[in-house]
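The values are calculated or read from the model by the stated rules, or taken from the named source; none is laboratory data. These numbers come from a predicted model, not from an experiment. Every residue, glycine as well, gets a Cβ built from its backbone with ideal geometry; the counts of neighbours run over all protein chains shown. Calculation scope for accessible area: heavy atoms of the full protein, side chains included, ligands and nucleic acids excluded. Shrake-Rupley method; radii C 1.70, N 1.55, O 1.52, S 1.80 Å.
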Amino acid sequence: MAALVKAMGWASRPLLPVVQTWDLDARRWVRALRRSPVKVLFPSRQEVERKPDAGKKPRKAAAEASTHVQRLKQPIRVPPSQTPSTWEESGLRYDKALPGDKRLSSVMTIVKSRPFREKRGKILLEGRRLIADALKAGAVPQVFFFSRLEYIKELPIDKLKGVSLIKVKFEDIKDWSDLVTPQGIMGIFAKPDHVTMTYPETQLHHSLPLLLICDNIRDPGNLGTILRSAAGAGCSKVLLTKGCVDAWEPKVLRAGMGAHFQVPIINNLDWEVVPSYLPTDTRVYVADNCGLYAQPQKSNKASDYGWMCDRQLSKFHKYEEEEEDPETGDSKGWLPELEVQNYDLDWTEAPAAVVIGGETHGVSLESLQLAESTGGKRLLIPVVPGVDSLNSAMAASILLFEGKRQLRLRAEHLSRDRSYH
């Protein structure tokens with residue numbers, strides 16, 4: 001019986017040792033850890049070939065490589081809860097506006113109101129190109145609102161130091177934007193001063209002894225287009241008298257297409273100080289696109305006097321009786337008498353200033369008096385009888401580029417005469 005049990009025990013034993021599969025996998029992992037890596041690929045795309053070294057243990061080499069990789073990753077690791085965010089290449093920081101942040105709305109309320117804008121000395125610029133032109137001209141930024149970080153990275157880094165950078169949602173910018181397709185960036189700048197601005201060298205090189213005086217221009221689109229024409233013609237400066245729309249209004253800036261940072265603009269002037277901004281021996285010319293059909297308008301305010309085109313030609317507006325001289329009894333006209341000349345005749349023999357009036361109110365009496373005192377004239381742009389007067393921006397463009405043409409011809413004649421002598 002004992003022999004039978006012993007025989008059954010031997011039969012139950014396997015003839016070959018059985019190896020567990022998990023034991024083989026564990027051994028393979030241990031063997032892999034002991035091997036030295038052929039190459040180490042760092043996050044900077046740098047590849048380092050590893051040669052077998054008998055003096056070092058493979059496990060130690062793998063540990064050193066792992067430590068080096070962690071050390072390279074450590075500087076660019078940003079905790080998800082960290083605000084404001086940073087970008088290492090510039091060291092600048094920006095805030096991310098949270099829901100309910102009213103900084104954008106409070107600033108927009110200020111810069112979109114002319115009284116607040118003048119009181120605080122701030123202006124609003126929108127769009128990457130306009131902001132880049134302003135920074136290049138030396139305008140001082142204070143706050144930037146943007147929807148994508150790439151828009152800020154396109155701007156000069158040295159101009160952004162000390163500026164508040166606030167990232168907001170594109171929908172918030174769209175609510176306050178005046179553009180049909182907002183560009184995702186808006187900047188609040190200190191109101192530029194023409195004395196401290198740095199204008200392009202090409203603009204200064206082509207500057208002409210030609211000035212523009214805007215009188216009662218109240219349409220933002222017209223004023224922006226006029227400023228653009230003044231910059232294109234090479235005007236040395238543009239003067240805006242009281243009664244004109246603010247040159248730094250967002251609609252004027254948009255229509256100007258960067259002209260504000262290419263030609264000096266002096267805003268909100270009284271007529272008493274206008275002569276101090278004119279060069280010596282300047283003659284003032286008044287644009288007259290109505291010609292012989294112009295009818296003078298008079299009201300109780302001297303600043304409301306102007307030339308008005310009357311379609312019926314016989315209808316006068318609010319006339320006052322002419323004053324009589326008590327000694328001679330002759331009637332004394334209240335309107336300065338200015339000679340009329342066609343715009344294409346020579347009028348640039350001396351430094352010239354052209355006055356452009358608004359379409360509704362025309363030029364003021366003060367502009368006519370200034371033209372008379374400087375020996376200027378009325379420049380006639382003839383139009384077909386029965387046709388309404390030209391747009392103010394169109395009239396300004398015609399006169400400014402005509403003046404540019406005359407000055408160029410004069411310079412060519414002078415150079416030709418010098419070459420003969």
Quick one: in the range 129-183, which of the residues that are modelled with pLDDT of 90 or more and of a type in the set (Ser, Thr, Tyr) is farthest from residue 198 (Cα to Cα)? 147
Taking the conditions exactly as written (more than 17 Å from residue 218 (Cα to Cα) and modelled with pLDDT of 85 or more), does residue 393 satisfy them or not? no
Kindly provide the set of residues from the range 203-249 that are open to solvent by 10 Å² or more (accessible area, probe 1.4 Å), within 23 Å of residue 370 (Cα to Cα) and under 20 Å from the mean Cα position of the chain (by Cα), ordered by number. 237, 245
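Search the range 358-394 for residues being assigned to a strand (DSSP E or B) and either without any contact (Cβ under 8 Å) to a residue 40 or more places away in the chain or in contact with a helix residue (DSSP H, G or I) (Cβ under 7 Å, 6 or more places away or on another chain) (or both), and hand back the single one that is most open to solvent (accessible area, probe 1.4 Å). Show your work before the answer.
The first filter runs over the range 358-394 and keeps only residues assigned to a strand (DSSP E or B), leaving 358, 362, 378-380.
Checking which are either without any contact (Cβ under 8 Å) to a residue 40 or more places away in the chain or in contact with a helix residue (DSSP H, G or I) (Cβ under 7 Å, 6 or more places away or on another chain) (or both) leaves us with 358, 379-380.
Details: 358: 11, 379: 0, 380: 27 Å².
Selected residue: 380.
I'd like the full set of residues that are touching a helix residue (DSSP H, G or I) at 6+ places or on another chain (Cβ under 6 Å) and either part of a loop (DSSP other than H, G, I, E, B) or surrounded by fewer than 19 Cβ atoms within 10 Å (Cβ to Cβ) (or both), limited to the range 395-413. Steps first, please.
Of the range 395-413, the ones touching a helix residue (DSSP H, G or I) at 6+ places or on another chain (Cβ under 6 Å) are 396-397, 400-401, 404.
Matches in the range 395-413: 401, 404.
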Listing of helices (runs of 4 or more DSSP H) fully contained in the range 97-179 that carry 2 or more residues being within 17 Å of residue 253 (Cα to Cα): 103-111, 114-120, 128-136
Condition check: open to solvent by less than 80 Å² (accessible area, probe 1.4 Å) and at pLDDT below 55. Does residue 80 satisfy that? no
Among the numbered conditions (1) under 19 Å from residue 111 (Cβ atoms); (2) open to solvent by 20 Å² or more (accessible area, probe 1.4 Å), tell me where residue 200 comes up short. (1)
